[in-house]
Amino acid sequence: MIQKPTWWKPLVAAVLALPVLSTSTFAFQEGGDASGDKKEEAKKDDKDKKPEDRWFAVLNGDIHTGTGEVLRGASLLAKNGKIEKIGYDLDLPKDTKTLDAKGYRVYPGLVAISSQGLMGNAASDFEDTIDPFNSRMVLALATGITTTGTGGSAVKLKRFSVNDMVLSEKQFAIFSWSNRTPRGKSELREKFKNSAEYLRQYREWERKVRDQKDLPEPSKRNVDNTCLAVLKGEQTAKFTANDRDELLGIARLAQEYGFRPLIEGAQEAWTIADELGRAGARVILTPRDRNEKDEQQAREGGTSIENAAILHRAGVQVAIVPSTEGVDLGGIAGRDIIHLPVEVGFAVRGGLPEKAALESITIVPARMLGCANRVGSLEVGKDCDLIVTDGDLLHYQTFVQWAVVDGKQVYDKEKEFYYAQIRPRPAAEQPKKLDKGESEPKPKEGDEAKKDGAGSDEKKDDAKKEGDGEKKDDEKKDGEKKEG
Amino acid sequence: MKTKALLLSLCPGFLAAAAHADVLAIKVGRAETVSKGVIEHAVIFVEDGKIVTIGEDLPIDRGIPVLDRPDWTVMPGLVNCYSRMGCDSEGGDDMSPNTKASDELWPKADEYAELVKYGVTTLGLYPAGNGIPGQAVAVRTKANTAEEMILQDSVYLKIILRSDSTSKKRITDAFKKADDYNEKVKKAREKFDKEKDKKGAKKEEKPAEEKKALEEPKADEAKKEDAKDGFVPPEAEPKVKPFVDLRNKSLRALVSISSSADYLHWLDALGKESINWDLRCLMNRDSDLFYVVNKKAWDLDVDGIGDQKVRVVMEPILSLVPGTMRQRNLSLEFANAGAKVVFIPRNDTLPDHKLWLTNVGEMVNAGLKRELALRAVTLEPAELMGVEKHVGSLDKGKDANMVFVNGDPFEPTTRIQAVMLDGKFVFGEVNQ
């Protein structure tokens, strides 16, 4: 899945840039400390400490920040649910809860932009209706989803709590643009026209009123508030469309009135990717969607597995969802929300770069839901919502081992009964592997008696396991090569 | 020890001397007092419907009738604090905290005659309805009139809380109204003080003051202080008063929840209010309440049910570890975490009252301490309703409510031989 020739480039860049970055920030901090700020900071700290600070750290994992970098064997420290530091050799404050991710990968928590039922039966008033113990939430966390988007609202899957989990609400203004209702199209155009006209007048009035205080405010008659909110950038215009003509119509409408539409479905979008890119459109699509081309038309049409890749190349932001929004326990497995990363794998198969693939279920949907300032990537200052996996996130064999929301572990594969029995984690601390002829470091006197009998056998087993693990990794890589 | 023995030997003698014809001595093989453990070869003196003395092998004066049953075990009459037995009204408004179950008592209902046979001598009857249906009443299961039935009124305010905005808002709104009332009292007080200052040296009439103080014996401390100088706070609206009472802790809340989510939402709705509350946890096989048993196990943001040390009113049912057929005893988990378990019959029906003790026995077999199980059907529910001075254990001065059985009460083969309520046998053929 990794594009072989180029994968190491960002890595090297990151590794090179890291020392530079860290020294520069260090220098900056020192500069700040010299002045009187230090005392103030100390005071602030005291104030903050009153309700005791909650520290959490993920140690020694391969951190995929979601911004393109991969920090091998790095650690992440969070204070009160916010990421405080990412790097190497971090000083951990006392009472830091740690999660050892050695040999595992760390990704930002996934954002499922269109999902349902992950909060129990909650549909609105999330803070009053959420069921933070329901099984679907556990399954979603086992998938890696830490933020559920539903109806234009973003809510964290903050298990065991009913407070402070809503990130954003009612971000979407839903519009319809369909070939079947031509009148609806002209009416919508009219609405946008009026709203744009009003907005122009209003801005002008705003400018003039400073000098002429008696100037009357422009009339809001015939102005659609939803359209106005879209034009002001307060809400995102969301359409559901799959047909080429419809998509084209939306793109042109958006270009004419200067807003960035969000289009769900977008099956034939690959045929007009350039146009959508120019309009700044953003799409939510399902790579495995299947639809035949309209044979009456000469032009290109129908679905394509390359849809996401082509759109991405044209500069369209792509978010990916599976075909079922909820957890579906019937029918054919692999199509519901708990297969979000699997679905993204199909976009990669169609040519979507790995980085864009990860972004399509993290930062891009977070941006669409207006909560990219808090979730969607692992950066200092953002919320500590992350997942720890035992392999490449998009690989079908990979399991989420731990999920963390707001700097608190909310899912542990071994602790929940859903996947605990499949490939259980090896014990955290493994004895060092030794080559033939090498001798073990002498154990302490007390330990000797204990280890005498069963100890040696165990070690052999562990060594075997390790060997197996390596083999598996090799196999995986081979597979990736073939697919790439 | 000496003095105790002396005292004990004196007591019945004194009784006989006082020539109370209705003194009865009961000799049984063992007594489960609940409050003070087991007494072997127990002798209990009953007079005027009360237990006068209880002890091991007490001497019985001549002339006092004796009921001698060496094979029997006696335990306190069962207390079901959460029932609708014999009530058939329907719920009204979802917000009716002022409704009282004591207004719909019907002592002639057939159910009571049956319940007595099953050893149930005290019931806590709650009003029907959703939301906040009203206040429960503690009653005797045998009486001629509704007034006679009542042991104590307003024993708890039933609140049903589910994970939805309306039921949470109902509670926050109610406390807001209680705030408004407090404001009103404060203003009235200021006004009163001003007028008082105007009157100046004029002496107040003391008798009136006393009268007013008497009028409101149940008022909270602040009110009592007010009453001293003749200030009468304005009457709270009927629907607000229960919440004022919750705050001044003259009333306690029994909050019905069915899932862990409900529990968190209840704490969220309650906010910083300090009131006395217990939980009614609806049990079923798939209960997810194990998540909130204590704070530690799942790293909750708030205290678990055990950490709160509240009572948990629950059915004696084993639930399952999710996704498996492994059974778990939530009552044991609650007890271990620090909560106080109160058992009620599995359903509020006569057959389930009949099987009540047997079902509780299953929880004992599944690990719950026997003493806790006994307590959970007698003294604990009595304490929940605040009637522990009258019922719930075999102690001197308490109502003579007793159940006589022919073996371990939790054994399925054990049968109830006789039941005594307020010193009178209400079930069982007893020839003294």
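What follows draws every value from the coordinates through simple rules; no lab data is involved. Predicted model only: the values in this text are computed from it and were never measured. Every residue, glycine as well, gets a Cβ built from its backbone with ideal geometry; the counts of neighbours run over all protein chains shown.
Quick notes on this one:
- For peptide B:318-329, the mean count of partner chain Cβ atoms within 10 Å of a residue's Cβ comes to 1.
- Violating pairs (Cα-Cα greater than 18 angstrom) within the set B:Lys50/B:Lys424; A:Lys158/B:Lys309; B:Lys100/B:Lys424; A:Lys193/A:Lys232: A:Lys158/B:Lys309; B:Lys100/B:Lys424
- Among A:Tyr202, B:Tyr126, a tally of other beta-carbon atoms within 10 Å of each Cβ gives an order, fewest to most, of A:Tyr202, B:Tyr126.
- Formal net charge of residues neighbouring A:Phe239 (Cβ-Cβ distance under 10 Å; K, R +1; D, E -1): -1
- For residues of A:129-136, the mean tally of beta carbons on other chains within 10 Å: 6
- Cross-link table B:Lys340/B:Lys389; A:Lys238/A:Lys413; B:Lys108/B:Lys354; B:Lys194/B:Lys239; A:Lys79/A:Lys413, entries beyond 26 Å C-alpha to C-alpha: A:Lys238/A:Lys413; B:Lys194/B:Lys239
- Cα gyration tensor shape for the range A:172-368, rounded if a/c is under 1.5, else prolate or oblate: prolate
- Longest stretch of chain B clear of exposed loop sites (GluC sites (Glu not before Pro), DSSP loop, at most 14 other Cβ atoms within 10 Å, sites excluded): B:236-428.
- Residue of B:Pro65, B:Pro107, B:Pro76 that the Gaussian network model of chain B assigns the largest fluctuation, springs spanning Cα pairs under 10 Å: B:Pro65
- Taking a ≥ b ≥ c as the square roots of the eigenvalues of the Cα gyration tensor, the range A:275-331 is classed as oblate, since a/c reaches at least 1.5 and a/b does not exceed b/c.
- On the basis of the beta-carbon distance and an R0 of 45 Å, B:Phe192 and B:Lys389 show a calculated FRET efficiency of 0.75.
- Ordering of A:386-398, A:173-185, B:129-141 by packing [mean C-beta count within 10 Å, highest first]: B:129-141, A:386-398, A:173-185
- Kirkwood Rh and Cα Rg combined as Rg/Rh, chain B: 1.03
- Counting other Cβ atoms within 10 Å as a rough exposure proxy, the listed residues A:Trp270, B:Trp72, A:Trp205 run A:Trp205, B:Trp72, A:Trp270 from fewest neighbours to most.
- Other protein chain C-beta atoms within 10 Å of residue C-beta, averaged over A:115-126: 2.
- Selected from B:Ser319, B:Ser102, B:Ser89 as most flexible by GNM, with chain B as the system and alpha-carbon contacts under 10 Å: B:Ser89
- Among B:Lys194, B:Lys158, B:Lys309: highest mean-square fluctuation, GNM of chain B, C-alpha pairs under 10 Å: B:Lys194
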